[in-house]
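*Asks:* Pasting in a structure now, in structure tokens, and then I'll have a few things to ask.
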Amino acid sequence: MISKDKYIEILAAALQRITIPGADVQWNVKLGNRQFDVLATVTAGMHSILIGYEIKDKSRPISVDAIDAFVTKTRDAGVNKAVFVSTSGFQSGAIAAAKDHNIDLFGIELMPTGLPGIDQSSTYLVVSSPGAPTFDGLEVSVANENARTNCVESISVAYKDGSNIQLPDEQTQMTYYVERSKFQSGRSLGDVINATASELVPLDQTREETIVVDELLTPPDEYFIKRGTAKEIRLSIKGITAKILS
């Protein structure tokens, strides 16, 4: 289970992927000796634009000192655009400092989980524009209480050099690397896995699968897995029931 701070960072990264089509969005990235919670690279013609994000989940509004420290970080790292995201708002001095330094401020609000068929471990992204109507009347119903499906519980990559690295088991992180990691042939890691993982496993049973690839694998970053020749992909797949929402 990941921490709430890390969860908010991943949520913010997911929002950037939704709202900046074509951007390369990564989380927990280092530029030189400076760490950014989220980093988005936008390509425009012959240019690459770096957008650095600071994500904070605090009990009190963000202070001017936090903004000043972020200004220094972004300047040292050579970031083109700075964005500060908070779950607790911003003090008036912080807002003024952000305006002075052209830093965009955003808030993330976690909605209550009182919708039918939805538990607290689920995540929903609702993207709205300033002044848009609220989602108070949002209706969600359960179309199927017991749909049979599979859950990929673990994925590991066995490399030709003898090393073996397991992808993170937190689902948003796993999905990110499965979708963004590419083989030399142009296939994604997900393309290779899907055919094997789609065959239904008996309910509550686990099936171990090994997929032979022997191909260069390049991840979007090397925070969890590395670039190298992958010999095998090893999966642990469990048969489960899931709720289909409409």
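The values are calculated or read from the model by the stated rules, or taken from the named source; none is laboratory data. Just so it is clear, the structure is predicted and the values come from calculations on it, not from any experiment. No Cβ is skipped: glycine too gets one built from the backbone with ideal geometry, and neighbour counts run over all protein chains shown. To get the accessible areas, we keep the full protein, side chains included, count just its heavy atoms, and leave off ligands, DNA and RNA. Shrake-Rupley method; radii C 1.70, N 1.55, O 1.52, S 1.80 Å.
*Asks:* Among the residues of region 179-208, how many are without any contact (Cβ under 8 Å) to a residue 40 or more places away in the chain and in contact with a Ser or Thr (Cβ under 7 Å, 6 or more places away or on another chain)?
*Replies:* Total meeting the criteria: 4.
*Asks:* Residues that are more than 20 Å from ALA98 (Cα to Cα) and hydrophobic (A, V, I, L, M, F, W, C): which strands (runs of 3 or more DSSP E) entirely in region 6-79 hold 2 or more of them?
*Replies:* By residue number, 24-31, 34-44.
*Asks:* Of the numbered conditions (1) open to solvent by 70 Å² or more (accessible area, probe 1.4 Å); (2) in contact (Cβ under 8 Å) with a residue 12 or more places away in the chain; (3) over 29 Å from GLN173 (Cβ atoms); (4) of a type in the set (Ser, Thr, Tyr), SER92 fails exactly one; give the number of that condition.
*Replies:* The one condition SER92 does not meet is (2).
*Asks:* Go over the candidates SER163, SER181 one by one and state the one that is surrounded by 14 or more Cβ atoms within 10 Å (Cβ to Cβ) and at pLDDT 85 or above.
*Replies:* SER181
*Asks:* Within region 210-228, how many residues are open to solvent by 50 Å² or more (accessible area, probe 1.4 Å), more than 20 Å from the chain's Cα centre (by Cα) and not β-branched (Val, Ile, Thr)?
*Replies:* Result for region 210-228: 1.
*Asks:* Out of the residues in region 148-160 that are at pLDDT 90 or above and either outside any strand (DSSP E or B) or of a type in the set (S, T, N, Q) (or both), which is nearest to the chain's Cα centre (by Cα)?
*Replies:* SER154
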